[in-house]
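Take a look at the structure below.
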Amino acid sequence: MIYVGIDIAKLNHFAAAISSEGEILIEPFKFSNDYDGFYLLLSNLAPLDQNSIIIGLESTAHYGDNLVRFLISKDFKVCVLNPLSTSAMRKNNVRKTKTDKVDTFVIAKTLMIQDSPRFITLKDLDYIELKELGRFRQKTVKQRTRLKIQLTSYLDQVFPELQYFFKSGVHQNSVYALLKEAPTPNAIASMHMTHLTHLLQTASHGHFDKDTARELRVLAQKSVGILDSSLSIQITQTIEQIELLDRQLFHTELEMANLVTCLHSVIMTIPGIGSTNGGMILGEIGDIHRFSTPGKLLAFAGLDPSVYQSGNFQVQRTRMSKRGSRILRYALMNAVHNVVKNNATFKAYYDAKKAEGWTHYNALGHCAGKLVRVIWKMLTDEVAFNLE
């Protein structure tokens, strides 16, 4: 076999090749992280037998993603190594040297001693896309939540009575439509009744009628809110930002649904798991064969119990460790909430934990742990959900 080690950087990469006997076939050379650089790599590898080549590179943020996709499209066998593995190999060197050129050989030698290196596939690239979309979704949700809190604080000053007038609160389309046109009580109070009624009816799809409009206008006339033009601008612009994020979330979740559909994963046979939570779970887990036991997947999700023991004392009840992937833990907790509602086995398990004295969230945490074990078995054996 021929082992090619690539040291990844932002602008330029280094590559070298060695044989199974340790003979240097290609001395370290630099190539740029662009079209010309990628084809320079191909031209240097061309004299070698492509079927015998295994290419290894470290997992380094996103800088190597384009190269990995390019090499896979050219039918190369590519393996992404854990930096801990290459670090251990580097420490074995007698000389304490770390350069880009030396690292190419370190990566190649680490690849050489792998018992059964796992190669990246097109399916893995779909998992990466799902992970990136899921994490982008979470950032967008956080931004939207922060904006909603800001909007509420503005309304507390301008129209404090409004958030108690609507049973569902101010964060709904009909209220946003109203505030974009009339961001102050004075503006609402001066609106013609016919126009106000039509605006509320249209935005709420008929949920709010003329009586609601009349009560709202009376409330606006009696409001003790302050009249501040700067707050009015902040209210309208904050609503526009929230609506922009809503549209971004819609398109993000739609793309996640398309990817999940293309993957045909058995995880979607679990009742209560939709494309958003399912996509986030699949994206964070990636290839299930990375986890040899369900316990390792449980630890990766941070749902394993933390242990506290000193001498003869050991805590009987402990919290989940909350280490590992925070996104995966969030998606699992969201998903299991729906699974408990839709599956009798999980509902019985939840009820049993509640009967033992656990709180609602503690019981859900136990159910999430059970769900992880079920998902591990389903993905490992490629079997559909069958717990009824």
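Computed in the context of the full set of protein chains, the accessible area of segment 132-254 at 1.4 Å probe radius has 53% of its extent on carbon or sulfur. Check the straight Cα-Cα distances from Lys167 and name the aspartates and glutamates below 20 Å, setting aside those fewer than 8 residues away within the same chain. Within reach: Asp156, Asp209, Asp211, Glu215.
Counting heavy atoms of the protein chains only and a 1.4 Å probe, report the per residue accessible area for the chain as a whole number of Å².
Values: 20960 Å² over 388 residues.
Solvent-accessible surface per residue comes out at 54 Å².
Shown here are the Rg and Dmax of the Cα trace of segment 108-205, at 24.7, 79 Å. In terms of the mean number of neighbouring beta-carbon atoms within 10 Å, the peptides 4-14, 346-356 order highest first as 4-14, 346-356. Dipole orientation for segment 132-254: of the candidates Gly225, Ile242, Val141, Val141 has the Cα lying most toward the positive pole (charges on Cβ; Lys, Arg +1; Asp, Glu -1).
Got a number for carbon plus sulfur as a percent of segment 2-120's accessible area, 1.4 Å probe?
Numbers: 3270 of 6370 Å².
Carbon with sulfur: 51 percent of the solvent-accessible area.
Estimated translational diffusion coefficient (Stokes-Einstein, Kirkwood radius over Cα pairs, 25 °C, 0.890 mPa s) of the chain: 96 µm² per second. Compute the Cα gyration tensor for segment 2-120, then decide on rounded, prolate or oblate, letting a ≥ b ≥ c be the square roots of its eigenvalues: rounded whenever a/c is under 1.5, prolate when a/b is larger than b/c in the other cases, and oblate in all that remain. In terms of gyration-tensor shape, rounded.
So, by mean Cβ neighbours within 10 angstrom, what's the order for 272-279, 209-216, 155-162 with the highest one leading?
Sorting 272-279, 209-216, 155-162 by mean packing, highest first, produces 272-279, 155-162, 209-216.
A Cβ-based charge dipole, computed about the Cα centre of the chain with Lys and Arg at +1 and Asp and Glu at -1, lands at about 1320 debye.
The values are calculated or read from the model by the stated rules, or taken from the named source; none is laboratory data. Small disclaimer: the values here were computed from a predicted structure and weren't measured. All Cβ positions, even for glycine, are placed from backbone atoms using ideal geometry, and neighbour counts span all protein chains on display. To get the accessible areas, we keep the full protein, side chains included, count just its heavy atoms, and leave off ligands, DNA and RNA. Shrake-Rupley method; radii C 1.70, N 1.55, O 1.52, S 1.80 Å.
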